[in-house]
Amino acid sequence: MAERDTLLNILDLARWAPSGDNEQPWRFEIVAADHVAIHGHDTRDWCLYDFDGHASHMAHGALLETLRIAATGHGLRADWVRRPGTPDTAPVFDVKLTDDPALAADPLVPFIKTRCVQRRPLRTTPLTDAQRQALQAAPGPGYTVRLFEDFAERRRIAGLLWDNAGIRLTCPEAYPVHKKVIEWGARFSADRIPEQAVGVDPATARLMRWVMQSWERVDFFNRYLGGTIAPRIQLDVLPALRCAAHVLVSAERAPESAEDYVRAGIAMQRLWLTAESLDLRLQPEMTPLIFRWYAGNRPAVSADPAINGAISRVGAQVERMLGTDGKAVFFGRVGQGRCARSRSVRRVLAELMR
């Protein structure tokens with residue numbers, strides 16, 4: 001039976017799991033010495049990028065895997081089940097901890113806190129064979145990893161991300177999300193993305209901060225002053241070209257249930273921590289997949305018909321370029337580079353306890 005301090009130490013490490021826009025859609029409850037409950041929630045009611053809560057479900061999976069890895073550092077095996085009857089919007093996961101003296105600490109433990117998003121350009125140094133093999137094996141059974149490494153592939157993906165960014169930056173339903181999730185003037189943020197980690201130069205950041213005070217300003221700049229050009233180049237095109245590879249993780253079958261996306265989040269976190277263990281930085285590039293999900297399931301995403309048409313075109317591009325067949329669960333880029341100097345941190349554990 002674990003002592004309470006041990007459980008708190010495990011949860012304090014587990015809270016470093018990634019989540020969309022640093023939302024941290026979970027709360028912790030210590031039920032007993034061998035039982036922790038994870039109370040999840042999703043952000044579909046306000047976040048355009050949380051399609052049917054699936055992005056949050058993947059975050060729940062990343063948290064559960066991080067908790068499992070952290071527990072091994074204390075000789076504990078962690079097994080989880082979703083509590084019956086809990087809704088997809090607020091799933092509860094019961095985690096049972098069992099003492100296992102023969103259990104070795106997972107080699108990924110040291111990288112839980114150092115893993116972060118690097119949104120700035122990376123080096124184009126090719127992956128080694130050992131790095132490729134480790135990345136391809138990282139998600140585990142049921143998943144495959146495809147790497148897009150040569151310059152022609154990276155250039156085509158840069159074009160996809162240029163089109164994709166046009167949607168993000170001009171969609172009226174995305175504006176309140178972007179306004180909410182950036183903490184301006186900050187190097188670190190406990191519950192959002194700090195300005196210095198966004199990935200644009202200081203002049204562009206200052207302009208973005210002023211423009212984003214109202215949708216009318218955003219719309220005016222986009223329509224008449226080419227307001228999307230600098231962010232698209234700095235946030236999408238250059239990073240897409242300046243990396244070692246883009247990484248696509250696909251499931252053996254197309255995910256359907258919330259649990260399918262939870263397991264996809266587990267695969268994502270193992271890939272991300274493995275990349276960090278290989279001294280590779282990683283940045284998720286999930287919005288093309290999210291718009292592909294929308295295009296295949298919900299034609300009317302926006303009140304603006306032009307945005308809906310653009311989402312359909314990006315969805316078709318994703319299928320044509322990546323060949324996902326609806327099975328893709330994660331897309332990102334990797335490469336050598338310095339660790340991010342600015343990053344999202346986390347709420348303190350006391351704020352996450354029920």
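The values are calculated or read from the model by the stated rules, or taken from the named source; none is laboratory data. None of these values were measured; they are calculated from a predicted model. Cβ coordinates were reconstructed from backbone atoms using ideal geometry, including for glycine residues, and neighbour counts include every protein chain displayed.
At-a-glance table
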{"item": "ASP279 in contact (Cβ under 8 Å) with a residue 40 or more places away in the chain and not in a helix (DSSP H, G or I)", "result": "yes"}
{"item": "Residues of region 311-329 that turn out to be more than 20 Å from HIS57 (Cβ to Cβ) and touching a strand residue (DSSP E or B) at 6+ places or on another chain (Cβ under 7 Å), as a count", "result": "1"}
{"item": "Condition check for ARG83: surrounded by fewer than 17 Cβ atoms within 10 Å (Cβ to Cβ) and at negative phi", "result": "yes"}
{"item": "Hits in region 298-331 (condition: charged (D, E, K, R) and assigned to a loop (DSSP other than H, G, I, E, B))", "result": "ARG298, ASP304, ASP325, LYS327"}
{"item": "Extreme residue, nearest to GLY323 (Cα to Cα), among residues of region 120-160 that are in contact (Cβ under 8 Å) with a residue 40 or more places away in the chain and of a type in the set (D, E, K, R)", "result": "ARG146"}
{"item": "Some residue of region 115-130 being surrounded by fewer than 15 Cβ atoms within 10 Å (Cβ to Cβ) and modelled with pLDDT under 95", "result": "no"}
{"item": "Exclusive hit being in the same structural domain as VAL301 (by TED's automatic domain parsing) and modelled with pLDDT of 95 or more, set TRP210, TRP162", "result": "TRP162"}
{"item": "Candidate set from region 1-52 (those that are over 19 Å from GLN269 (Cβ atoms) and β-branched (Val, Ile, Thr)); member that is surrounded by the fewest Cβ atoms within 10 Å (Cβ to Cβ)", "result": "VAL31"}
{"item": "The listed residue being without any contact (Cβ under 8 Å) to a residue 24 or more places away in the chain and under 27 Å from PRO255 (Cα atoms), out of ASP94, ASP50, ASP88, ASP79", "result": "ASP79"}
{"item": "MET268 being at pLDDT 95 or above and either surrounded by 21 or more Cβ atoms within 10 Å (Cβ to Cβ) or over 19 Å from the mean Cα position of the chain (by Cα) (or both)", "result": "yes"}
{"item": "Count of residues meeting criterion [touching a helix residue (DSSP H, G or I) at 6+ places or on another chain (Cβ under 7 Å) and either under 23 Å from CYS116 (Cβ atoms) or part of a helix (DSSP H, G or I) (or both)] in region 170-189", "result": "10"}
{"item": "Residue in region 137-156 that is of a type in the set (Lys, Arg), outside any loop (DSSP other than H, G, I, E, B) and closer than 19 Å to VAL329 by Cα present", "result": "yes"}
{"item": "Residue among GLY296, GLY309, GLY335 that is surrounded by 22 or more Cβ atoms within 10 Å (Cβ to Cβ), outside the structural domain of ALA14 (by TED's automatic domain parsing) and out of contact with any Asp or Glu (no Cβ under 6 Å at 6 or more places or on another chain)", "result": "GLY335"}
{"item": "Tally of residues being surrounded by 14 or more Cβ atoms within 10 Å (Cβ to Cβ) and either more than 18 Å from the chain's Cα centre (by Cα) or not aliphatic (A, V, I, L, M) (or both) across region 189-215", "result": "15"}
{"item": "Single match in ARG232, ARG242 (criterion: surrounded by fewer than 22 Cβ atoms within 10 Å (Cβ to Cβ), closer than 25 Å to LYS180 by Cα and in the same structural domain as VAL334 (by TED's automatic domain parsing))", "result": "ARG232"}
{"item": "Conditions (1) at pLDDT 95 or above; (2) surrounded by fewer than 21 Cβ atoms within 10 Å (Cβ to Cβ); (3) closer than 30 Å to THR128 by Cα: number failed by GLY326", "result": "(1)"}
{"item": "Residue satisfying all of: in region 101-112; in contact (Cβ under 8 Å) with a residue 24 or more places away in the chain and loosely packed, with under 13 Cβ neighbours inside 10 Å; farthest from PRO239 (Cα to Cα) among these", "result": "PRO101"}
